[in-house]
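Heads up: the structure comes next, in structure tokens.
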Amino acid sequence: VERMQQVVGRARAAFNSGRSRSLEFRIQQLKALERMVQEKEKEILAALKADLHKCGYNAYSHEILGVLGELALTMEKLPSWAAPQPVKKNLLTMRDEAYIGYEPLGVVLIIGAWNYPFALIMQPLMGAIAAGNAVVVKPSEVSENTARLVAELLPQYLDKDLYPVVTGGVPETTELLTQRFDHILYTGNTAVGKIVMAAAAKHLTPVTLELGGKSPCYIDKDCDLAVACRRITWGKYMNCGQTCIAPDYILCDPSIQSKVVENIKVTLKEFYGEDVKSSPDYERIINQRHFKRVKSLLEGQKIAHGGETDEASCFIAPTILTDVSPESKVMEEEIFGPVLPIVTVKSVEEAIEFINHREKPLALYVFSNNKQLIRRVISETSSGGMTANDVIMHSVVPDLPFGGVGHSGMGAYHGRHSFETFSHRRACLIKDLRLEAVNKLRYPPGSLEMMHL
Amino acid sequence: NPFAGLVSHLRASWLSGKTRPMEYRLTQLEALGHFLDDKKQEILEATASDLGKTPFEAELSEILLCKNELHETLNNLSRWMKDEHVDRTLAMQLDSAFIRKDPYGVVLIIAPWNYPIHLFLVPLIGAIAAGNCVIIKPSEVSKKTQRLVAEALPSYLDKDCFAVVTGGVQETTRLLENKFDYIFFTGTSCSPPVGRIVMTAAAKHLTPVTLELGGKNPCYVSDTCDVTNVARRVAWGRFFNAGQTCIAPDYVLCTVEMQEKLLPALRKAIDDFYGPNPQESPDFGRIVGDKQFQRVRRLLGSGRVAIGGQTDEAERYIAPTVLADVLPSDPIMQEEIFGPLLPIVVVANMDEAIDFINSRERPLAIYAFSSDDKVVNRVLERTSSGGFCGNDTLMHVTLTSLPFGGIGNSGLGMYHGKFTFDTFSHHRGCLKRRMGQEPLNAPRYPPYSQQKFGIIRATSTVTRKDSCTLL
């Protein structure tokens, strides 16, 4: 308890000193972060390899390239994001200064996840720094190599008191959550999301929760199946299915189910070769616990492709399940693994109803040549975000807010949305102390002329 | 669960999709306008009965300001509802990337008693505009207004989508057991604990919230200022609605010299506004209930009564009062006053005032008065609060283009104008791609290779101008 109190207390004292507020300081810290990523690329890739069996190119393009891009964007746009925003005035305030000022919140807490362990710390962190806050960083202990690396590297490049790293598991995080923060950004699962929000409620701390759910993927009969299936295969099996916005399950007409399976099989061979296990580009499940969890979802299912597992290496082959029952276990929880169930529906109406009777997902996908149909699916459903005719990609458009709704989360970040999430928008009205005549109308004794102004 | 039936009825209406079309939302919003027009007299009478609200104040805060928000929303709704297209990376030039404003679903608005119509109606305008179904829970403390809203409002709105629930703490607690898709809570002087209770209940369902709470809003008066104008603006803000305003200047910070100048100026302002006996003025309100009256009266013991101090329990009348030489440790400095008492706490200078403010919880509003711009700006820059007004009180919340909300213990989230619409909408990131141009995607697929990687690196090399990320 003491350690947490001290760390947070030091961060708060550092924030109160005011040094994190100037734009120069913030950009200097962001530049240092950029240098860190460039200079320590080898070490970062090694940690990702050790934690998730992620190969160099993949790890670089998923966790480093995106981070560098966002850092550059943030440094470039920060002056314009942070500038006070003048607002429209009315007759009474015509001669006044009215604007919205962007101010830091104070000390924020970022809790990372294990599936993109580096990016999911770095992206929120840069937004929090850009907004002028002190930041306590808590990487996921499940991706232990990356956690250890982050704990070693951040103090070497950033202001130690303003941006401390706290490591540890559930007991340490629970302790950390008893401290008072001015914002908490948590990436993880729905159950823990509730715990984080309840802890935040004790201090009236605003939260951004990036959770998960079952992201549906509807494939219309009218579409280029080969292309659709290649894109779906890419998004589903990257990182061994351990992506919060992976297409979780497919909804399609029974008449195309076998074609979908065939196309995915062809694509899998193209991507990973005959022997997936020996492909350097295919990852592994993060640990034994999740391996067992995902494996158990296969029980009683019709395996159209894959199904091979190897506990020693936490290997689960890219797997497709057909004619899956909506009541089965694999359709209850977020899969977070390389298992793709196909549930057949007879129409887009049935698909929309199916989706709407479940918790709102983090992402939603629809493949169709029919623009009307796509528009309909978007308008009649709700999800954190969505992509039509591809998967994953809405999360890389820098100006789109990335976040969930309902059980998939609340709040959003990425790009300027990160800056806004970690800022307080303060309404400012500066009037003149003279010109009192204008005010006479509002003072008692009551006058109704004021009403008609 | 006594409200389960009601909530699921609204949820079924929500799922039917009827609240989504713009025409529907406009019709419901216009009906709200009719409610304000038709029931204006009843509203004035109910609020007068509940808290002695003067006709002038009631018409201003409960009718006029609400209509401003309504008209702003009606004028702009189609623009606010439009998809917001965003910049795309080079590789996505042929795609469509936009932010869609989705309704949340079934939302709950809990309102307090001090501006009993305004504080449910303005959030309601945004909730309807954003396409939601709404349950409204007015405060049971403002009894007549609660009854008016419960009896009259439903006949103006679609009963399948909008409902009013009445009751006290028990009913609200049961109501909060249900799952809502958004909860908007405005609380009064006991806010922080109730705000926590609401957020904790919301956490069980992962329901996002906006909490409009309160605190002690400091009012710094520098030595260089026009004392007459300062006194009038501060007195107006403090004594409006008999002090029962979440953004009222709660206490004054100034030097002992300024205190001596302020007192006669405040005396004159109060006399100008309410006459020699404010109890007889038709323009001065009353405390809402006996419990609140006792609480505020107890605070009279702090410092010394320089102006006013008279009370009349039968009428729940407390005179516009100024207390001088109040100490930071006095009882009146430990809670939000929410009554017509203005304590003056003496400080040596602006720096001491700023330190004083910063050593306490962040308030909903901070006020600073000075003829020297630099002083006003220094207070603004070195403090943190929900909102800020230089050289006046209350006025920053009458501009619909400024966000209204707290920070820290004074609340989270914000609304007014477009911000209310945004509060009740989920901003959904959407990307529409094409099935063609598949070769462009080739570099992202396994098997990975040095060559593919080279292409990715080249096409996403970041210069200061282009901000390309993945592909």
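The values are calculated or read from the model by the stated rules, or taken from the named source; none is laboratory data. The model shown is predicted, which means the values in this text are computed figures rather than measured ones. When we count neighbours, we look across all protein chains shown, and the Cβ atoms used for this are built from the backbone with ideal geometry, even at glycine.
Observations on the model:
- Just one residue in the set A:Glu270, A:Glu299 is of a type in the set (Asp, Glu) and either in contact with an Asp or Glu (Cβ under 8 Å, 6 or more places away or on another chain) or part of a helix (DSSP H, G or I) (or both); that residue is A:Glu270.
- Some residue of region A:42-62 being touching a residue at least 24 places away in the same chain (Cβ under 8 Å), farther than 30 Å from A:Gly241 by Cα, out of contact with any Asp or Glu (no Cβ under 6 Å at 6 or more places or on another chain) and surrounded by fewer than 18 Cβ atoms within 10 Å (Cβ to Cβ): no
- Enumeration of residues in region A:166-187 that are under 20 Å from A:Met122 (Cβ atoms) and either touching a strand residue (DSSP E or B) at 6+ places or on another chain (Cβ under 7 Å) or within 8 Å of chain B (Cβ to nearest Cβ) (or both): A:Val166, A:Thr173, A:Leu176, A:Phe181, A:His183, A:Ile184, A:Leu185, A:Tyr186, A:Thr187
- Restricting attention to region B:190-230, the residues that are more than 9 Å from every other protein chain (Cβ to nearest Cβ), surrounded by fewer than 22 Cβ atoms within 10 Å (Cβ to Cβ), over 19 Å from B:Pro123 (Cβ atoms) and at pLDDT below 95 add up to 2.
Matching residues to (1) in a helix (DSSP H, G or I); (2) within 9 Å of chain B (Cβ to nearest Cβ); (3) buried (at least 24 other Cβ atoms within 10 Å of the Cβ):
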residue: A:Asn369; (1), (2), (3): no, yes, no
residue: A:Arg376; (1), (2), (3): yes, no, no
residue: A:Glu420; (1), (2), (3): yes, no, no
residue: A:His424; (1), (2), (3): no, yes, yes
residue: A:Leu433; (1), (2), (3): no, yes, no
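- Residue under evaluation B:Thr459, criteria (1) at pLDDT below 80; (2) surrounded by 19 or more Cβ atoms within 10 Å (Cβ to Cβ); (3) among the polar types (S, T, N, Q), criterion not met: (2)
- Of the candidates A:Leu109, A:Leu92, the single residue that is within 30 Å of B:Gly386 (Cβ to Cβ) and away from chain B (no Cβ under 11 Å) is A:Leu109.
- Wholly enclosed strands (runs of 3 or more DSSP E) of region B:326-445 bearing at least 1 residues closer than 30 Å to B:Met22 by Cα and in contact with a Leu (Cβ under 8 Å, 6 or more places away or on another chain): B:425-432
- Contact annotation: residue pairs with Cβ atoms under 7 Å, 6 or more positions apart or on different chains, pairing a residue in region A:351-364 that is without any contact (Cβ under 8 Å) to a residue 60 or more places away in the chain with a partner that is part of a loop (DSSP other than H, G, I, E, B), are A:Ile352/A:Thr381; A:Asn356/A:Thr381.
- The one condition in (1) hydroxyl-bearing (Ser, Thr, Tyr); (2) farther than 30 Å from A:Asp224 by Cβ; (3) out of contact with any helix residue (DSSP H, G or I) (no Cβ under 6 Å at 6 or more places or on another chain) that A:Ser382 fails to fulfil: (2)
- Qualifying positions in region A:393-416 - in contact with a strand residue (DSSP E or B) (Cβ under 7 Å, 6 or more places away or on another chain) and either among the hydroxyl-bearing types (Ser, Thr, Tyr) or assigned to a helix (DSSP H, G or I) (or both): A:Met393, A:His394, A:Ser395, A:Tyr413
- Residues (more than 16 Å from B:Phe284 (Cα to Cα), of a type in the set (Lys, Arg) and crowded, with 19+ Cβ neighbours inside 10 Å) located in region B:43-72: none
- The criterion of being of a type in the set (Phe, Trp, Tyr) and modelled with pLDDT of 95 or more holds for A:Tyr365.
- Residue pairs whose Cβ atoms lie under 6 Å apart, separated by 6 or more positions or on different chains, with the first residue in region B:348-370 and touching a residue at least 40 places away in the same chain (Cβ under 8 Å) and the second among the aromatic types (Phe, Trp, Tyr), are B:Ala353/B:Tyr220; B:Ile366/B:Phe388; B:Ala368/B:Tyr220.
- Test: residue in region A:288-306 that is within 14 Å of chain B (Cβ to nearest Cβ), buried (at least 20 other Cβ atoms within 10 Å of the Cβ) and touching a Pro at 6+ places or on another chain (Cβ under 8 Å): no
- Picking from residues in region B:43-85 that are β-branched (Val, Ile, Thr) and more than 10 Å from chain A (Cβ to nearest Cβ), the one that is nearest to B:Val149 (Cα to Cα) is B:Ile43.
- Filtered by the rule that a residue be within 14 Å of chain A (Cβ to nearest Cβ) and buried (at least 16 other Cβ atoms within 10 Å of the Cβ), region B:25-42 gives a lone residue, B:Leu36.
- Counted residues, region B:234-263 - those being part of a helix (DSSP H, G or I) and either in contact with a Cys (Cβ under 6 Å, 6 or more places away or on another chain) or closer than 14 Å to B:Val221 by Cβ (or both): 12
Listed here are the residues, each with its yes/no results for (1) surrounded by 23 or more Cβ atoms within 10 Å (Cβ to Cβ); (2) more than 20 Å from B:Gly237 (Cβ to Cβ); (3) in contact with a strand residue (DSSP E or B) (Cβ under 6 Å, 6 or more places away or on another chain).
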residue	(1), (2), (3)
B:Pro282	no, no, no
B:Gly285	yes, no, no
B:Gly301	no, yes, no
B:Gln310	no, yes, no
B:Ala314	no, yes, no
B:Phe338	yes, no, no
B:Leu341	yes, no, yes
